[in-house]
Amino acid sequence: MPSVLRSWKGLAVLAVLAAVVLLWLFGKGDVIIAVVIGALVLLSGRTMFRSYSTTKGPTGPAIDVQERGTLLVFACETCGEQLVLLRKGTDAPPRHCAEKMVLRRVPVPDHELN
Ligand SMILES: [Zn+2]
């Protein structure tokens, strides 16, 4: 199965290269640029899709994570946004500004929770 996939990919790469060379010979540089941009978009889309599919799904029923005097907070290190975590359903951290958010424990006086 993997070898079949690899040879199919090799053929596709050869076909694209041949098409690019042919177009270049006919002096259609703008078409080549369009093809390259399309390939890049396809590639980045696949990479994004892969990163989504590797995200762990629910590991079980959601559990309360509230701790006395402490708030579990997901923080975005890019823009500074913070989200309070009340129930945990997966080990995968949420994303913000295209980065994984960082889990922090923020001490909170008891009376502020009630
Ligand atoms: Zn952010």
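The values are calculated or read from the model by the stated rules, or taken from the named source; none is laboratory data. Just so it is clear, the model here is predicted, and its values are computed rather than measured. Positions of Cβ are generated from backbone atoms using ideal geometry, with glycine treated the same way; all protein chains shown enter the neighbour counts.
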Filter region 53-64 down to residues that are under 18 Å from the mean Cα position of the chain (by Cα) and either at pLDDT 90 or above or β-branched (Val, Ile, Thr) (or both), then give me how many there are.
2
Restricting the search to region 90-114, which residues are of a type outside the set (Val, Ile, Thr) and within 15 Å of the ligand (Cβ to nearest atom)?
Pro93, Pro94, Arg95, His96, Cys97, Ala98, Glu99, Lys100, Met101, Leu103, Arg104
Just to be sure I understand the filter: pairs with C-beta atoms under 8 Å, separated by 6 or more residues or on different chains, first member in region 60-82 and of a type in the set (D, E, K, R), second member away from the ligand (no atom under 16 Å from the Cβ) and part of a loop (DSSP other than H, G, I, E, B). Which pairs pass?
Asp64/Leu86
Among the residues of region 65-89, the number that are at negative phi and either within 13 Å of the ligand (Cβ to nearest atom) or at pLDDT below 85 (or both) is 13
